[in-house]
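We did not get these values from a lab; they are worked out from the coordinates using the rules stated. Model, not experiment: these values are computed from the prediction. Note that each Cβ is placed from the backbone with ideal geometry, even for glycine, and that neighbours are counted across all protein chains shown.
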Amino acid sequence: MHKIAVLPGDGIGPEVVAEGLKVLNALSENYSVKFDFQEFNINSERYLSTGKLVTDDDIDQLRKFDSIFLGAIGDDRVKPGVLEKGILLALRFSFDQYINHRPAPLWKPFGRLKRDVDFNIDVFRENTEDYYIGAGGRVSNGKGKLDMRVKRQLYDMRVTLDANADAADDFAFEIGMMSRKNIERFADHVIDFSNLIGENYITVVDKANVCSNIYSLWREVWDEKCRRAGKEHGYMYVDAMTMALVKNPDKFRLIAVPNMFGDIITDLLAEVTGGLGLAPGGNINPKGISMFEPVHGSAPKYKGMDRINPVATILAAKMMMDNLGRRDIGDVIFKGVRGAFDKGVYTQDLGGKATTKQMGDAVVAAIHALK
Ligand code: IPM
Ligand code: MG
């Protein structure tokens, strides 16, 4: 029995999560797998009516589950950053999900490149540090002191910044930070994955030519880890990387990237594979509770219209099954999606006519046909 906490979230989140659950329920009817789903209303509605983001009690409750299955978080009525940091990032950090795995295979025939080029890329995005730590602040009149705190499973750190400028202007800081032990365990995971798929080369992304404090530590660890593991690796600056992913994605198989650049290149790459409607992600803690979600957001303007593509969420369910040790079930989901596409069923974002629900139904039908 897999105990799954379900967080439909905001906007179109509930609609796509419903299709993910439809697929998982269909599997439990036909394969030897059982689920115990419990839904949580950790979302913008709760925030707007009670002021609560993720609470300590939520975390205690969620700790009882094997995995978290998330729709999307985000609402136009709330100032940018409140829900993102207070819910999504809070969950990633609280469960120490230091790896964000975002597979990006080409989904034929939906690829968006003009040239016919085949590729299958797995992106590993560091998920708890970098410019995402939430440390920073403003000083007015050129002077001020910022007391910051970064709390993770690996450390609880206080940072103070004393600013004293000779100009009476407003200044804003956003601090980036990486720690050696976190990069080490992240690199270990990527190297393990490279062994699993039999790949010997890892492309490591950064901007070490400019942000050389933070990314020299990153490189130091990568050099050492790859040397010890006998892996080949090479560095790409993120600007060149965005270009290369459009120009020749077939040159890449495994990409390791810091949190912020990872956010950017995975949207770009999702578009290249066929669109955000096809891109799932896993926030992974190899020894703890992982969380699976589509890469796309809550798309409030499409809420309730039954037109959003649920495949990213269905593929997130696939990743969750792989992570729970049921690669056999994960494979069935993947084949179900492929089968539905091959029958010509797809949503409007891919040029098709299927509704959200019809897409989920088609995946279920394709899964039944596999038996
Ligand atoms: C993502 C999203 C989030 C991120 C936002 C919503 C905080 O863009 O999962 O890629 O930046 O990680
Ligand atoms: Mg993003």
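Distance between the 7 Å Cα→Cβ label points at Lys303 and Ala167: 4.1 nm. Taking the DSSP beta bridges with both ends in the chain, the antiparallel portion is around 55 percent. With each label modelled as a point 7 angstrom along the Cα→C-beta vector, the Lys151-Lys287 pair spans 2.1 nm. Listing Tyr132, Tyr235 from fewest to most neighbouring C-beta atoms within 10 Å gives Tyr235, Tyr132.
Shown for Thr313, Thr160, Thr128: other C-beta atoms within 10 Å of each C-beta, ranked fewest to most, produce the order Thr160, Thr128, Thr313. For a paramagnetic label modelled on Arg228 (point 7 Å from Cα along Cα→Cβ), amide N atoms under 15 Å away belong, within segment 170-186, to 180-186. Report summary: the helix-based calculation at 222 nm, which adds -39500 (n - 2.57) for every DSSP H run with n ≥ 4 and divides by the residues of the chain, gives -12000 deg cm²/dmol. Each Cα pair under 8 Å and six or more residues apart adds its sequence gap; the mean of these over the residue count of the chain is a relative contact order of 22 percent.
Only alpha carbons enter this Debye calculation for the chain, each as an equal point scatterer, and the log10 of I(q)/I(0) it gives at q = 0.13 Å⁻¹ is -1.10. Taking a straight Cα-Cα cut-off under 26 Å and skipping sequence neighbours fewer than 8 places away in the same chain, the lysines within cross-link reach of Lys301 are Lys22, Lys52, Lys79, Lys85, Lys353, Lys357. Sorted fewest first by neighbouring Cβ atoms within 10 angstrom, His2, His233 come out as His2, His233.
Seen from all directions on average, segment 181-301 presents a Cα convex hull projection of 8.8 nm².
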